[in-house]
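One structure is given below, encoded as structure tokens.
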Amino acid sequence: MTGPYKGTLHDYAPRLTAFEFDDGAQLAENVLVFIGGLTDGLLTVPYVPNLAASLSKETNSKWVVVQALITSSYDGWGTGSLARDVEELSLLVKYLRSNKGGQRKKIVLMGHLTGCQDTITYLSKLLVSNDDQSIQLDGAILQAPVSDSEAFGSEVEPEKLNQLLAELKDLLDKGQGDTLLPDEWRKLMLNTPINAYRFHSLVSKRGDDDYFSSYLDKSDFEKSFGVVKTPILVLYGEKDESVPSFVDREKLVDSWRQSTDPKYWSPLSKVLKGATHNCGPGSDKGAEEDLIQTVLKFISNI
């Protein structure tokens with residue numbers, strides 16, 4: 001426990017809030033919107049408070065971190081979707097650009113784990129199909145963009161996994177994607193209530209959540225990274241414990257680089273040396289600082 005933390009709580013849409021890490025002395029012009037992964041909520045990703053403090057100090061309070069709470073936060077992800085997530089995140093971006101939200105000038109979306117899937121969905125689907133200037137981003141950051149499909153597949157016997165996927169596909173084909181799955185399935189997914197659609201989306205190859213798997217090819221990445229028209233930074237942990245040993249991290253990140261327009265791919269993108277999944281316990285000394293300094297360099301060029 002390292003709190004308490006001072007800040008401003010924003011009510012940006014019905015039943016949706018966001019916490020701004022500020023001291024109340026001055027309204028920051030620019031915002032880094034942080035969105036966590038499965039089960040994450042306020043202060044569950046350890047580096048966020050230090051990132052917020054560094055951003056404010058090093059930019060003379062011109063940048064601030066705002067952490068979004070969406071319906072999928074904490075245990076809400078099991079009955080949600082990336083589509084719902086990005087719709088709610090777009091409401092926050094629109095709010096921050098409005099008079100009520102402070103008329104912020106620049107907004108960068110930073111995702112962690114499933115927050116990365118949200119971010120790439122925002123860039124490759126929402127922005128591609130919507131020219132509303134109030135929801136545009138000035139930059140995007142993927143921290144720990146790992147594959148749920150590969151992580152899950154490495155922990156479950158192939159025969160059992162195939163059986164699970166066949167049962168899920170049957171439910172989806174019958175239009176029963178909203179069906180809540182029994183406790184046996186729930187225990188496989190962080191003991192969270194989960195429906196057939198989200199389980200299938202997370203676990204199946206090329207499901208809706210499947211953006212970062214090492215088995216995906218150039219044609220897959222061209223549909224995601226290939227259509228990005230926003231500066232993007234990728235930070236992949238060298239010691240990310242959720243990544244199977246057979247994944248070549250450097251090669252995977254490079255495949256994303258090759259699929260992205262060089263105009264938008266940040267050369268600061270890298271495999272973070274000594275960094276675990278969330279740069280928390282188990283990371284080498286200096287890994288968190290490396291993450292923070294790289295983010296600072298990225299936003300300074302936006």
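The values are calculated or read from the model by the stated rules, or taken from the named source; none is laboratory data. Every value quoted in this text rests on a predicted model; they were computed, and no experiment measured them. Counting neighbours? That spans all protein chains shown, and the Cβs are built from the backbone with ideal geometry, glycine included.
Values as computed for the structure displayed
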item	result
Selected residue (criterion: surrounded by the most Cβ atoms within 10 Å (Cβ to Cβ)) from residues of the range 38-51 that are free of Cβ contacts under 8 Å to residues at least 60 places away in the same chain and within 18 Å of THR119 (Cβ to Cβ)	VAL48
Subset tally (residues that are in the same structural domain as GLY115 (by TED's automatic domain parsing), β-branched (Val, Ile, Thr) and buried (at least 21 other Cβ atoms within 10 Å of the Cβ)) for the range 203-234	3
Filter result (touching a helix residue (DSSP H, G or I) at 6+ places or on another chain (Cβ under 7 Å), of a type outside the set (S, T, N, Q) and crowded, with 19+ Cβ neighbours inside 10 Å) within the range 252-270	TRP256, TRP265
Top-ranked residue of the range 143-155 - restricted to ones that are touching a Leu at 6+ places or on another chain (Cβ under 7 Å) and not in a helix (DSSP H, G or I), ranked as farthest from LEU109 (Cα to Cα)	VAL146
Any hit, the range 111-121, residues being in contact with an Asp or Glu (Cβ under 8 Å, 6 or more places away or on another chain), more than 29 Å from GLY237 (Cβ to Cβ) and assigned to a loop (DSSP other than H, G, I, E, B)	no
Condition met for VAL66 (outside any strand (DSSP E or B), β-branched (Val, Ile, Thr) and buried (at least 22 other Cβ atoms within 10 Å of the Cβ))	no
Any chance THR79 is in contact (Cβ under 8 Å) with a residue 24 or more places away in the chain, surrounded by fewer than 23 Cβ atoms within 10 Å (Cβ to Cβ) and either among the β-branched types (Val, Ile, Thr) or over 22 Å from ALA275 (Cβ atoms) (or both)	yes
Scope the range 84-116; condition among the aliphatic types (A, V, I, L, M) and surrounded by fewer than 20 Cβ atoms within 10 Å (Cβ to Cβ); matching residues	LEU91
Every pair of residues 6+ apart whose Cβ atoms lie under 6 Å, when the first sits in the range 244-265 and is free of Cβ contacts under 8 Å to residues at least 60 places away in the same chain while the second is assigned to a loop (DSSP other than H, G, I, E, B)	LEU252/SER214; THR260/VAL228; TYR264/VAL228; TYR264/PRO231
Every pair of residues 6+ apart whose Cβ atoms lie under 9 Å, when the first sits in the range 173-192 and is closer than 17 Å to PHE152 by Cβ while the second is exposed (fewer than 12 other Cβ atoms within 10 Å of the Cβ)	LEU188/GLU155; ASN191/ASP183
Residues of the range 235-251 classified as of a type in the set (S, T, N, Q) and surrounded by fewer than 18 Cβ atoms within 10 Å (Cβ to Cβ), total	1
